[in-house]
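Colleague: I have a structure here, written as structure tokens, and I will follow up with some questions on it.
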Amino acid sequence: MFLEVKKITKKFLDITALNDVSISFKKGEVHAIVGENGAGKSTLIKIIGGIYHAENGVILFNGKEVKISSPFEASKFGINIVCQEYNLVPNLSVLDNIILGKEPVGQFGKINKAVAKKHLEEIIEKYALHINLNKFAGDLSAAEAKIAEILKAYISKLEILILDEPTAALTDDDVTSLFNLIAILKSRGITIIYISHRLEEVFQICDRVSVLKDGFYIDTFNTSEINHDLLVKLMVGRELKEMFPARNTEQLNTKEVVLSVKNISDDTHFYNVSFDLHEGEILGIGGMTGHGQREFIRSLFGFHSLTSGEFIFSNKKNEINNPQTAVKNGFAFLSDDRRNEGLALPQSILRNISYPSQDKRTTFGIIHKQQDRTVVLKLVKQLSIKLTSIDQNVQGLSGGNQQRIVIAKWLLVSPKIMLFHEPTLGIDVGAKQEIYKLLRLFTKEGISIIMVTSDMLELLHMSDRICVFYEGKIKAMIPSCEATEEIIMRAASGKKIDEA
Amino acid sequence: MKHNIFNTSFTKFYASIKSTKRHSTKTIWLLLLAVFIIVSVAVQEFMRPANLANILIQMVPLGIVAIGQTIVMLGGGIDLSVGAQISLITIIASSIMGDSTLSILGVMMLCLFLGSFFGAINGFILKYFSIPPLIVTLCSSFLFQGIAYSIHQTTGGYIPSVFKQIFTASYGFISVPFILFLILFLIFNYLLKETRFGRYIYALGGNEEVLINVGINSDTIRIKTYIISGFLCAITGLYIAARLKSGSAHYGSDYALLSITATVVGGTSMAGGLGSLSGTFAGALMVSMLNNVLNNIGFKFNLQSAFYKDVIIGIILVVSMFFYRKREL
Amino acid sequence: MTILQKTHHKKYYSQHTKSVAVLFLVFIIILIFSNIRSSSTMPLQDLFNLLKQTAGLGIISIGQTLVILTGGIDLSLGSIITFVHVYTIGSMNNDPAMILPVCLIGMLIGGMTGLFNGLGVAKAKIAPFIMTLCSDYILHGLYMIYTKGQPRGVLADSFRMIGRVRIWGHVAVIVIVWIVLSVLFIFILKRTTFGTKVHMIGANSRASLLSGINNDSIIITVYVTSGALASLAAIILTMDMSAASLNLGADYSLDSIAATVLGGTLFVGGIGGVEGTFVGSLIIRQITSLLQKANIVNWAKLIIQSIIIIFIVALYSRKTRR
């Protein structure tokens, strides 16, 4: 076996992300790892790539045990990883980024860019990659950034290339180029570890596929010997009914419109977005990452400037220019980046939950301590937040618990419209179920939810309506009864849904 | 539709995807030219050749320190201890320099070494303790200032005349100090733009984690930027000691703020990663020019220009920070 | 600023109280040490003197603590003090009727500077140290222009009398003011929503903004308070002086930072409080006295304080790499 991970266990605080996982990878194969969000795929490859360290288990490379303590160490073994997160230096050009650390030098230490540039331009032409070497990395689109990172890995010493959701942000042409590249690498005997939610891709280019579920290793199959449905069953392994609570049966169209968005644009990331949001509705926003969803949802919260358009809510035209106004008008915003935008980690759970609404529990600005604590404790119980004391720091809690604290915080502000950006990112499967239950509960109480998510199952099964973004515009607005994964994927790639 | 410009620091992931607005150095030099024209029309005394030549000499200490400050800031740091380092070097130099060539050269070498050493102190504290550069260099500035006072409370010391003569020699618009500055500028500009080390400094300020992932020791790069700053402070200190033929714990006082002003006005971002030495050159000229103008006006109207200068420099810096605040990585 | 560190913030909530207790012990030890060294026969009187001498720093440090809690720093305090001081002496002209107007304008000077600082930090998003450093320079220029380098003036006698009042024969007015203000601000920080918001903005200003908090108004208030407290301290300190001094404010910026940091308030995380600063101020003042006696105060104080600050900050944060 070329690369083997044996009995890998990885814990994050109170959650076990990987439990005794052992997988073997062959030389020159394209090996997929599949599983739901939270199954442990990214964690596993980050351990192989040196970004995380496992508590238990070993990695064997060519039969010998190796210690991979950093991404640089990994690259010395020829293991290169392209993560989902952005990993470029924004103020350097693409060329500079790709050759960073391995610049060819000439006299007086002068970097010989011409040589590197020529070499790269040959590769770009060969694979028809859409990337401009002179552009600054900070100006790239999500697709271009991904290609740049792949190129960076490509020109390194390469024995194993790990790709985490590489196609999530790529156009169809880019995907074709990528697959050509992978085919060439394979012919050179390079192993590719490929994580993707798009099972058609797995069947298209991968030789074998391993399934992870809830942090456990299930099995590995030759892609020729298994089919789509069986794979999904192994991945999810539970009735969708268990995972996702039943929808509300009422007709949402008849309910009151709580928010009317008319032609809003920021002229850079999204254009002419319009829709009506009904009371108690969950509007899911999908599409490939980087097509304007992020900026859009932040603009609803007054946190990203608009150049035109308006929103109407509470029957009045309103201008929301900052988060404070948004909150006063009943909006809540739960960011995809909890640690930096949702929580104050060094502070206590009590404060984190209480502070935006604390004015309600004061007289002349002085806090009613007892009332404050009681209110927070009640919420902690309701949301089943696992903690030792509400005075402990938020820092030490798991993703699922942290998200519940953010939700608790917002509940105390009595929002009418909750804006979620990746509601279950970085949350284990058990906690996810509970959060889905909470979301349904909120809608029963009349709260409307807009949720941007890249998790297809979440999008399909939690939304009442699905809105798919493509290049900053709404490509499709589909009621949940009509939505299927294929339809959404088509819209996300810019194709008309009714095209043959 | 009202615009809401939300501008505090972004989470790393999307900060990097946002557009990298860069002020090209052309803008700053054009601005400098514009100010120059306005001033030359408004203040007659300004255009006298002797005065202009003087500006080129006056900008040298600021220019040299600002080179170091820019390099540190490009790496995402800041060096508030530059002023104190300069003062300390002037005191050390004026305390031990003798008349012999050996002494002069020896003391110069020693000072250059000490300046680098002080910079290294800053760098190593940053490496081993997770304290923001602001605090570290604020404290080290007090430390160096204290050491300076402990040696010499008043202005004094001895600098051999020949030392002064060499470092202040000038002929028309050409002067030894300005040439010194130009040489340093060219060397460090080349370093930043053409070498790997220069790239790594920009990367350090832009996204340190990426730099670490490609196997470069980011701490070492950072320490080196502070050593460069300290080294350049030492050169400045030696120059000031030569020019004023003495040493004092106060000689360096304004340089922390002024070097930051020149750097920021020259287009370097305080967040790191964006900027250039050519911009800083323009910034240093701008500050020196304004300084010169204020002195001229003050002399004309018999005012204590030194005090007005403080007020105006302070306002200029606030205004430049305000103007540049939309810049983001 | 880019700060790439991952720090472990353990249960700081209780750790802060522990650290203040430890600090108090340190203070007692230093007191005892000084007492033995000076072989003084009136320890209680010495203590009252210490309190009186510390009061000015104590009041100013309260403002600095508030600013640092929000994640900022105020380097303009020294110039505010000097300016208000020379203005008070320079404008009173030995006229009792001028006392109130002069004091009010003095407070206004500090408050306006604080407003300027606050607006720069909150609205113009200028880094606090640059903003306050600039204010420091601007004020320095302004008061030098005002005094033309030679501060002069005469205080009204009644004004100076206030400075001489002693409660119970020993406790000076300024000490009472300091203690009252400290208790007030300890209460505000712990028991009011304003206080909670101050801590939360310091802990994560972005999350705070995104939770609907009006960060700007809190930040501006904090800087205005800091400026106003500095003015107040300057006025009270001036009561006790016969001649103007351009050096009055010189040490206060650094000293207030040292007192705050020593008191357990961190530069990040919104952690800390005025109770620690109270003890921290006493310790800094006592160290200053000891150095004055040894006649090495000018330089030794700078060196010692810078080391203390670095040491304490290093102690409270630990660097962890992945």
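Colleague: Name the strands (runs of 3 or more DSSP E) wholly within the range A:18-99 that hold at least 3 residues that are within 14 Å of chain B (Cβ to nearest Cβ) and closer than 30 Å to B:LEU74 by Cα? Spell out how you get there, then give the answer.
Modeller: On the way: elements: A:30-34, A:56-61, A:64-66, A:79-82.
Qualifying strands (runs of 3 or more DSSP E): A:79-82.
Colleague: Among the numbered criteria (1) under 25 Å from A:ASN248 (Cβ atoms); (2) over 19 Å from the mean Cα position of the chain (by Cα); (3) surrounded by fewer than 19 Cβ atoms within 10 Å (Cβ to Cβ), which single criterion is violated by A:ASP391?
Modeller: (1)
Colleague: Restricting attention to the range A:408-430, and to residues there that are within 11 Å of chain C (Cβ to nearest Cβ), of a type in the set (A, V, I, L, M, F, W, C) and assigned to a loop (DSSP other than H, G, I, E, B), which single residue is surrounded by the fewest Cβ atoms within 10 Å (Cβ to Cβ)?
Modeller: My answer is A:VAL413.
Colleague: For residues in the range B:109-150 being closer than 15 Å to B:SER94 by Cα and facing chain C (nearest Cβ under 8 Å), which is surrounded by the most Cβ atoms within 10 Å (Cβ to Cβ)?
Modeller: The residue in question is B:ALA148.
Colleague: Further question on the same structure: Can you list the helices (runs of 4 or more DSSP H) found entirely within the range B:154-210 that contain at least 2 residues being within 20 Å of the chain's Cα centre (by Cα) and either modelled with pLDDT of 90 or more or of a type in the set (Asp, Glu) (or both)? Let's see the steps before the verdict.
Modeller: On the way: elements: B:161-168, B:176-194, B:196-206.
Where helices (runs of 4 or more DSSP H) fall fully within the range B:154-210 and carry at least 2 residues being within 20 Å of the chain's Cα centre (by Cα) and either modelled with pLDDT of 90 or more or of a type in the set (Asp, Glu) (or both), they are B:176-194, B:196-206.
Colleague: To continue, here is another question. Would you be able to tell me the number of residues in the range A:299-310 that are over 16 Å from C:ILE213 (Cα atoms), surrounded by 22 or more Cβ atoms within 10 Å (Cβ to Cβ) and in contact (Cβ under 8 Å) with a residue 40 or more places away in the chain? It would help to see each step written out before you state the result.
Modeller: From the range A:299-310, those over 16 Å from C:ILE213 (Cα atoms) are A:299-300, A:304-310; that's our starting set.
After this cut, where a residue has to be surrounded by 22 or more Cβ atoms within 10 Å (Cβ to Cβ) as well, the list is A:299-300, A:306.
If we keep only those that are in contact (Cβ under 8 Å) with a residue 40 or more places away in the chain as well, we get A:300, A:306.
Result for the range A:299-310: 2.
Colleague: Continuing with this model, one more query. Filter the range C:177-217 down to residues that are under 30 Å from C:ILE89 (Cα atoms) and surrounded by fewer than 18 Cβ atoms within 10 Å (Cβ to Cβ), then give me how many there are.
Modeller: Start the filter on the range C:177-217 by keeping residues that are under 30 Å from C:ILE89 (Cα atoms), which leaves C:177-185.
Restricting the remaining residues to those that are surrounded by fewer than 18 Cβ atoms within 10 Å (Cβ to Cβ) gives C:177, C:179-180, C:183-184.
The number of residues fulfilling the criteria is 5.
Colleague: Given the conditions (1) within 17 Å of the chain's Cα centre (by Cα); (2) at pLDDT 90 or above, which single one is not true for A:THR167?
Modeller: (2)
Colleague: Restricting attention to the range A:352-382, report how many residues are of a type in the set (Val, Ile, Thr) and at the interface with chain C (Cβ under 9 Å from one of its Cβ atoms). First the steps, then the outcome.
Modeller: Let us first name the residues in the range A:352-382 that are of a type in the set (Val, Ile, Thr), namely A:353, A:362-363, A:366-367, A:374-376, A:380.
Now narrow it down to the ones that are at the interface with chain C (Cβ under 9 Å from one of its Cβ atoms): A:362, A:366-367.
Selection size over the range A:352-382: 3.
Colleague: A further question on this structure: Is one or more of the residues making up the range A:318-329 surrounded by fewer than 23 Cβ atoms within 10 Å (Cβ to Cβ), modelled with pLDDT of 90 or more and of a type in the set (Lys, Arg)?
Modeller: Yes - at least one qualifying residue is present in the range A:318-329.
Colleague: For the range A:398-407, which positions are within 13 Å of chain C (Cβ to nearest Cβ) and in contact with an Asp or Glu (Cβ under 8 Å, 6 or more places away or on another chain)? Reasoning before the result, please.
Modeller: Quick first cut of the range A:398-407, residues within 13 Å of chain C (Cβ to nearest Cβ) only: A:402, A:405-407.
Within the range A:398-407, none qualify.
Colleague: Look at the range C:269-322 and say how many of its residues are farther than 30 Å from A:ALA344 by Cβ, within 11 Å of another protein chain (Cβ to nearest Cβ) and in a loop (DSSP other than H, G, I, E, B).
Modeller: Residues that pass the stated criteria total 1.
Colleague: Right, another one. Say whether the condition of being out of contact with any Leu (no Cβ under 7 Å at 6 or more places or on another chain) and free of Cβ contacts under 8 Å to residues at least 60 places away in the same chain is met by at least one residue in the range C:79-87.
Modeller: yes
Colleague: Can you give me the number of residues within the range B:210-260 that are small (Gly, Ala, Ser) and surrounded by 24 or more Cβ atoms within 10 Å (Cβ to Cβ)?
Modeller: Filtering the range B:210-260 down to residues small (Gly, Ala, Ser) leaves B:215, B:218, B:229-230, B:234, B:237, B:241-242, B:246-249, B:252-253, B:256, B:259.
Filter once more, keeping what is surrounded by 24 or more Cβ atoms within 10 Å (Cβ to Cβ): B:229-230, B:234, B:237, B:241-242, B:247, B:249, B:252, B:256, B:259.
So the answer is 11.
Colleague: Residue pairs, Cβ under 8 Å, 6 or more apart or interchain, first in the range C:179-194 and of a type outside the set (Lys, Arg), second part of a strand (DSSP E or B). List them.
Modeller: As it stands, the answer is C:THR192/A:THR362; C:THR192/A:ILE366; C:THR192/A:ILE367; C:THR193/A:THR362; C:THR193/A:ILE367, since those pairs meet every condition given.
Colleague: Tell me the residue from A:LYS381, A:LYS386, A:LYS432 that is outside the structural domain of A:ASP172 (by TED's automatic domain parsing) and at pLDDT 90 or above, please. Steps first, answer last, please.
Modeller: Working: A:LYS386 fails: at pLDDT 90 or above; A:LYS432 fails: at pLDDT 90 or above.
That would be A:LYS381, the only listed residue that is outside the structural domain of A:ASP172 (by TED's automatic domain parsing) and at pLDDT 90 or above.
Colleague: Go through the range C:142-178 and report how many residues are over 22 Å from the mean Cα position of the chain (by Cα) and within 14 Å of chain B (Cβ to nearest Cβ).
Modeller: 8
Colleague: Another question, then. Out of all the residues in the range A:1-15, which are crowded, with 17+ Cβ neighbours inside 10 Å and over 27 Å from A:THR191 (Cα atoms)?
Modeller: Kept after step one, since they are crowded, with 17+ Cβ neighbours inside 10 Å, are these residues of the range A:1-15: A:2-3, A:5, A:8, A:10, A:15.
Across the range A:1-15, the qualifying residue is only A:ILE15.
Colleague: Right, here's the next one. Based on this model, can you work out whether C:ILE174 counts as crowded, with 20+ Cβ neighbours inside 10 Å and either closer than 19 Å to C:PHE48 by Cα or free of Cβ contacts under 8 Å to residues at least 60 places away in the same chain (or both)?
Modeller: Values: crowded, with 20+ Cβ neighbours inside 10 Å: yes; either closer than 19 Å to C:PHE48 by Cα or free of Cβ contacts under 8 Å to residues at least 60 places away in the same chain (or both): yes.
Yes, satisfied.
Colleague: So which of A:LEU44, A:LEU88, A:LEU60 is assigned by TED's automatic domain parsing to the domain that holds A:ASP164, more than 26 Å from A:SER177 (Cα to Cα) and under 25 Å from the mean Cα position of the chain (by Cα)?
Modeller: Numbers: A:LEU88 fails: more than 26 Å from A:SER177 (Cα to Cα); A:LEU60 fails: under 25 Å from the mean Cα position of the chain (by Cα).
Result of the check over A:LEU44, A:LEU88, A:LEU60: A:LEU44.
Colleague: Return the only residue of A:ASN329, A:ASN318, A:ASN253, A:ASN248 being more than 8 Å from every other protein chain (Cβ to nearest Cβ), within 23 Å of A:LYS475 (Cα to Cα) and over 23 Å from the mean Cα position of the chain (by Cα). Before the answer, list the steps.
Modeller: On the way: A:ASN329 fails: within 23 Å of A:LYS475 (Cα to Cα); A:ASN318 fails: within 23 Å of A:LYS475 (Cα to Cα); A:ASN248 fails: within 23 Å of A:LYS475 (Cα to Cα).
Testing whether each residue is more than 8 Å from every other protein chain (Cβ to nearest Cβ), within 23 Å of A:LYS475 (Cα to Cα) and over 23 Å from the mean Cα position of the chain (by Cα) leaves just A:ASN253.
Colleague: Can you find even one residue in the range C:250-268 that is surrounded by fewer than 23 Cβ atoms within 10 Å (Cβ to Cβ), more than 10 Å from chain B (Cβ to nearest Cβ), within 29 Å of C:ILE109 (Cα to Cα) and among the aliphatic types (A, V, I, L, M)?
Modeller: Taking every residue of the range C:250-268 in turn, at least one turns out to be surrounded by fewer than 23 Cβ atoms within 10 Å (Cβ to Cβ), more than 10 Å from chain B (Cβ to nearest Cβ), within 29 Å of C:ILE109 (Cα to Cα) and among the aliphatic types (A, V, I, L, M).
Colleague: Okay, next question. Have a look at A:GLY342, A:GLY280 and point out the one that is within 25 Å of A:LEU441 (Cα to Cα) and within 14 Å of chain C (Cβ to nearest Cβ).
Modeller: On the way: A:GLY280 fails: within 14 Å of chain C (Cβ to nearest Cβ).
Testing whether each residue is within 25 Å of A:LEU441 (Cα to Cα) and within 14 Å of chain C (Cβ to nearest Cβ) leaves just A:GLY342.
Colleague: Determine, yes or no, whether A:ILE98 is of a type in the set (Val, Ile, Thr), buried (at least 17 other Cβ atoms within 10 Å of the Cβ) and over 25 Å from the mean Cα position of the chain (by Cα). Even if it seems obvious, please write down each step before you answer.
Modeller: Values: of a type in the set (Val, Ile, Thr): yes; buried (at least 17 other Cβ atoms within 10 Å of the Cβ): yes; over 25 Å from the mean Cα position of the chain (by Cα): no.
So A:ILE98 does not fit the description; no.
To keep it simple, each residue is scored yes or no on (1) of a type in the set (S, T, N, Q); (2) without any contact (Cβ under 8 Å) to a residue 12 or more places away in the chain; (3) at positive phi.
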residue: A:LEU92; (1), (2), (3): no, no, no
residue: A:LEU95; (1), (2), (3): no, no, no
residue: A:GLU103; (1), (2), (3): no, no, no
residue: A:ASN112; (1), (2), (3): yes, yes, no
residue: A:LYS117; (1), (2), (3): no, no, no
residue: A:ALA128; (1), (2), (3): no, no, yes
residue: A:ASN132; (1), (2), (3): yes, no, no
residue: A:LEU151; (1), (2), (3): no, no, no
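Colleague: For the range B:48-103, which residues satisfy the criterion of being within 14 Å of chain C (Cβ to nearest Cβ), under 16 Å from B:THR268 (Cα atoms) and assigned to a helix (DSSP H, G or I)?
Modeller: B:GLN69, B:VAL72, B:MET73, B:LEU74
Colleague: Could you please find all residues in the range B:186-216 being at the interface with chain A (Cβ under 8 Å from one of its Cβ atoms), touching a residue at least 60 places away in the same chain (Cβ under 8 Å), more than 27 Å from A:GLY78 (Cβ to Cβ) and not hydroxyl-bearing (Ser, Thr, Tyr)?
Modeller: B:GLY205
The values are calculated or read from the model by the stated rules, or taken from the named source; none is laboratory data. Just so we're clear, the structure is a prediction, and the values are computed from it rather than from any experiment. Reconstructed Cβ throughout: ideal geometry from the backbone, glycine too, with neighbour counts over all protein chains shown.
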